[in-house]
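The values are calculated or read from the model by the stated rules, or taken from the named source; none is laboratory data. All values reported here derive from a predicted model rather than from experimental measurement. Cβ placement follows ideal geometry from the backbone for every residue including glycine, while neighbour counts extend to all protein chains displayed.
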Ligand SMILES: Cc1cc2nc3c(=O)[nH]c(=O)nc-3n(C[C@H](O)[C@H](O)[C@H](O)COP(=O)(O)O)c2cc1C
């Protein structure tokens, strides 16, 4: 089983590569959470994969909640791994996932990270990558994804291909904790005057957290994936004033 979450397509692309390599079923964590589907039966020897983007040097909130609620029957030390995508680095996410899995009696077998174009734009100084930087990451991605798939196929156990970056503990525990507590307020999302009410933001929200009347309005169940912002054809979705003059990005195969 490959449980995946993705705001703008990078992690979905990786999840699809893993699906092609292993033949295992893709299950969208966002949909599963909104439907309350958190009970699954494992086949013998089936791998359990979690694929998601890094937010604030940690798992997205929805991923943490999904894993916390997930119940797997027939678990017999099945190979359990995660594969994340990030713009730069993931801090100590590996330890965070390992601890969460351990609290459920599951053991983290493999940890993998893939550098992909950045999607975070909600603070001054943070923007999508330039075309050349994004292009270079996308050029390198297939070879790295192939190596990840190979290791997952072989059920390699241990520390593999992570991107902790510099000062990983400080990033996850200090900056990341601050980020998740104070910089993820969905009330700051709004539509600018250029919004034509097309509803593409609402359709793109993986948590169905946006309702449309003439304009979109955001509920409280937001995981900050920025799918709404990046999908808007008129660049009308804004987060406070921080997203003004910032770029947009969507992964295309
Ligand atoms: C809210 C938010 C926080 C992010 N935080 C990080 C981060 O801590 N480190 C990093 O390298 N990239 C970070 N990114 C970039 C994403 O992890 C990266 O672009 C990822 O590939 C997006 O995956 P997706 O297209 O599947 O949503 C962040 C993106 C968002 C939207």
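Condition check: within 12 Å of the ligand (Cβ to nearest atom), in a loop (DSSP other than H, G, I, E, B), under 28 Å from residue 244 (Cα atoms) and touching a helix residue (DSSP H, G or I) at 6+ places or on another chain (Cβ under 8 Å). Does residue 172 satisfy that? It would help to see each step written out before you state the result.
Values: within 12 Å of the ligand (Cβ to nearest atom): yes; in a loop (DSSP other than H, G, I, E, B): no; under 28 Å from residue 244 (Cα atoms): yes; touching a helix residue (DSSP H, G or I) at 6+ places or on another chain (Cβ under 8 Å): yes.
For residue 172, the condition - within 12 Å of the ligand (Cβ to nearest atom), in a loop (DSSP other than H, G, I, E, B), under 28 Å from residue 244 (Cα atoms) and touching a helix residue (DSSP H, G or I) at 6+ places or on another chain (Cβ under 8 Å) - is not met.
So is residue 40 crowded, with 22+ Cβ neighbours inside 10 Å, modelled with pLDDT of 95 or more and outside any helix (DSSP H, G or I) or not?
Working: crowded, with 22+ Cβ neighbours inside 10 Å: no; modelled with pLDDT of 95 or more: yes; outside any helix (DSSP H, G or I): yes.
It is false that residue 40 is crowded, with 22+ Cβ neighbours inside 10 Å, modelled with pLDDT of 95 or more and outside any helix (DSSP H, G or I).
Within region 193-242, which strands (runs of 3 or more DSSP E) (wholly inside it) include 2 or more residues that are more than 14 Å from the ligand (Cβ to nearest atom) and assigned by TED's automatic domain parsing to the domain that holds residue 121? Even if it seems obvious, please write down each step before you answer.
On the way: elements: 210-212, 216-218, 237-239.
Where strands (runs of 3 or more DSSP E) fall fully within region 193-242, none carries at least 2 residues being more than 14 Å from the ligand (Cβ to nearest atom) and assigned by TED's automatic domain parsing to the domain that holds residue 121.
What is the one condition in (1) within 13 Å of the ligand (Cβ to nearest atom); (2) farther than 25 Å from residue 202 by Cβ; (3) touching a helix residue (DSSP H, G or I) at 6+ places or on another chain (Cβ under 8 Å) that residue 86 does not satisfy?
Going through the list (1) within 13 Å of the ligand (Cβ to nearest atom); (2) farther than 25 Å from residue 202 by Cβ; (3) touching a helix residue (DSSP H, G or I) at 6+ places or on another chain (Cβ under 8 Å), residue 86 breaks only (3).
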